[in-house]
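Below: one structure, written as structure tokens.
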Amino acid sequence: MLAPAPSTSLFVMTDNVSDALSSSSFSPSSSSSSSSSPSSSSRSLSLLGLGAMGTAFARAWLAAGYSVTVWNRTPGRADALVAEGATAAASAAEAVAANALVVTCLLDDASVGAALEGTDLTGKDLVDVTTGTPAQARARGEWAVARGARFLSGGIMAVPPMIGVPEAGGYVFYSGSHGLFETHRAALAVPAGTRYVGENAGHAALQDVALLSGMYGMLAGVTQAFALVRGEADISLKEFTPLLSDWLTSMAPVIEQVAEQLASGDYASDVASNLAMQVAGIPTFVGTAHEQGVSPELLTPYFDLMKRRLEGGHGTEGVTGIVDLLTSDA
């Protein structure tokens with residue numbers, strides 16, 4: 001990435017892919033202990049999954065004085081955390097049994113199901129911050145409740161270096177059991193800020209992916225911009241970079257305008273550059289790209305949607321109506 005950007009459980013997935021495909025860089029675990037009865041202390045918890053994000057969460061809790069029981073499919077991943085005060089469980093079942101609060105940060109939803117298969121979730125508070133879709137989160141919540149647990153799904157809006165660093169601005173969306181969230185609010189706030197977004201267990205994942213989608217759209221534009229200018233010897237990328245950053249920042253109010261227009265249903269009021277004008281300018285963008293030896297393929301899908309909306313007789317609008325095209329085509 002060209003600059004630090006808030007990210008999420010998407011990066012948890014990436015971290016744990018590495019865990020799934022390779023062996024641990026740590027030596028085999030030489031220290032583990034089990035707990036014969038679960039701890040209900042608000043300052044103790046169990047964490048399943050020690051990829052980069054899971055490890056960052058564990059370290060934040062340990063630094064804050066929490067008692068943390070950890071488990072990972074590759075046992076050696078726990079060694080460094082054990083040296084820092086964590087307790088390594090020999091199995092996922094042992095980790096689940098150790099504490100009332102159980103946090104999963106694994107490869108994907110299937111991994112969560114596999115890890116928790118056969119464990120006793122009766123009376124547990126299960127918080128899953130694993131990458132997944134909204135439908136998977138809702139189904140996992142129903143699955144957990146059927147097994148006697150309360151459930152909370154999380155979407156992490158941070159990269160591992162932001163965890164445990166409040167000033168970094170990272171946070172986690174949480175959705176599902178409000179009672180669970182309130183019970184463990186203090187513990188959940190240790191790794192990163194918390195934003196509870198409702199009882200629907202899928203809403204954390206949905207807003208997580210929505211924000212990331214906006215990020216990737218921005219990165220596509222940034223990629224196109226640098227591709228256009230980097231071949232010019234007399235254009236300094238160092239000098240161009242703040243121009244691009246400042247321009248994108250100045251366009252941020254468009255987000256609020258789109259939201260207001262979607263809410264009102266009026267897509268044509270207060271439009272500075274209407275759709276007809278913008279579509280007329282498309283050949284300039286495509287032509288410039290070709291002149292610079294750059295593919296326009298990052299932009300053409302969006303341009304095609306603009307053209308379709310215009311063909312539907314909406315030339316006096318801005319671009320908000322493209323949202324209607326996307327939802328009607330789904």
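The values are calculated or read from the model by the stated rules, or taken from the named source; none is laboratory data. If you're wondering where the values come from, they're calculated on a predicted model, not measured in any experiment. So basically every Cβ, Gly included, is an ideal-geometry build from the backbone, and we count neighbours across all protein chains shown. Heads up: the accessible areas ignore ligands, DNA and RNA and are worked out on the full protein's heavy atoms, side chains in. Shrake-Rupley method; radii C 1.70, N 1.55, O 1.52, S 1.80 Å.
Springs between alpha-carbon pairs under 10 angstrom, Gaussian network model over the chain: which of Val70, Val279, Val102 fluctuates most?
The residue with the greatest mean-square fluctuation here is Val279.
Which whole-number percent of Cα pairs in segment 171-228 have a distance greater than 19 Å?
44 percent
Applying the Karplus parametrisation 6.51 cos²θ - 1.76 cosθ + 1.60 with θ = phi - 60° to the phi angles of segment 217-232, what ³J(HN,Hα) value in whole Hz is obtained for each residue in order, glycine and proline being reported as x?
So the J values, rounded to whole Hz, are x, 4, 5, 5, x, 4, 4, 5, 4, 5, 4, 5, 9, 5, x, 8.
Within the P(r) computed for segment 75-165, what percentage of the Cα pairs occupies the region above 19 Å?
Cα-Cα pairs of segment 75-165 separated by over 19 Å account for 43 percent.
Would you work out the charge dipole size for the chain about its Cα centre, treating the Cβ of every Lys and Arg as +1 and the Cβ of every Asp and Glu as -1, and quote it to the nearest 20 debye?
Here the size comes out at about 920 debye.
Would you work out the relative contact order for the chain, in percent, from Cα pairs under 8 angstrom that are 6 or more residues apart?
Value for the chain: 13 percent.
Please work out the FRET efficiency for the pair Ser236 and Glu182, using the Cβ-Cβ distance as r and a Förster radius of 56 Å; give the result to the nearest 0.05.
0.60
Which one, Gly54, Met218, Ala205, projects farthest toward the positive side of the charge dipole computed for the chain from Cβ point charges (K/R +1, D/E -1)?
Gly54
Using helices alone, I'd like the mean residue ellipticity at 222 nm for the chain: each DSSP H run of four-plus residues gives -39500 (n - 2.57), total over residue count, nearest 500.
Using -39500 (n - 2.57) per qualifying helix, the result is -14000 deg cm²/dmol.
Using a 10 angstrom cutoff on alpha carbons, build the Gaussian network for the chain and name the most mobile of Val172, Val145, Val129.
Looking only at Val172, Val145, Val129, the largest GNM fluctuation is found for Val145.
So how many Å³ per residue does the convex hull of the Cα atoms of the chain work out to? Write down the numbers at each step before the final one.
Details: hull volume 54.6 nm³, N = 330.
Measuring per residue, one finds 166 Å³ for the Cα hull of the chain.
Could you do me a favour and compute the accessible area per residue for the chain, 1.4 Å probe, result in Å²?
50 Å²
Which longest run of the chain has no exposed loop site in it, a site being GluC sites (Glu not before Pro) in a DSSP loop with at most 15 other beta carbons within 10 Å, and the site itself not part of the run?
For GluC sites (Glu not before Pro) (loop position, at most 15 other Cβ atoms within 10 Å), the longest site-free span of the chain is 1-83.
Run the accessible area of the chain with a 1.4 Å probe and give the carbon-and-sulfur part as a rounded percent.
58 percent
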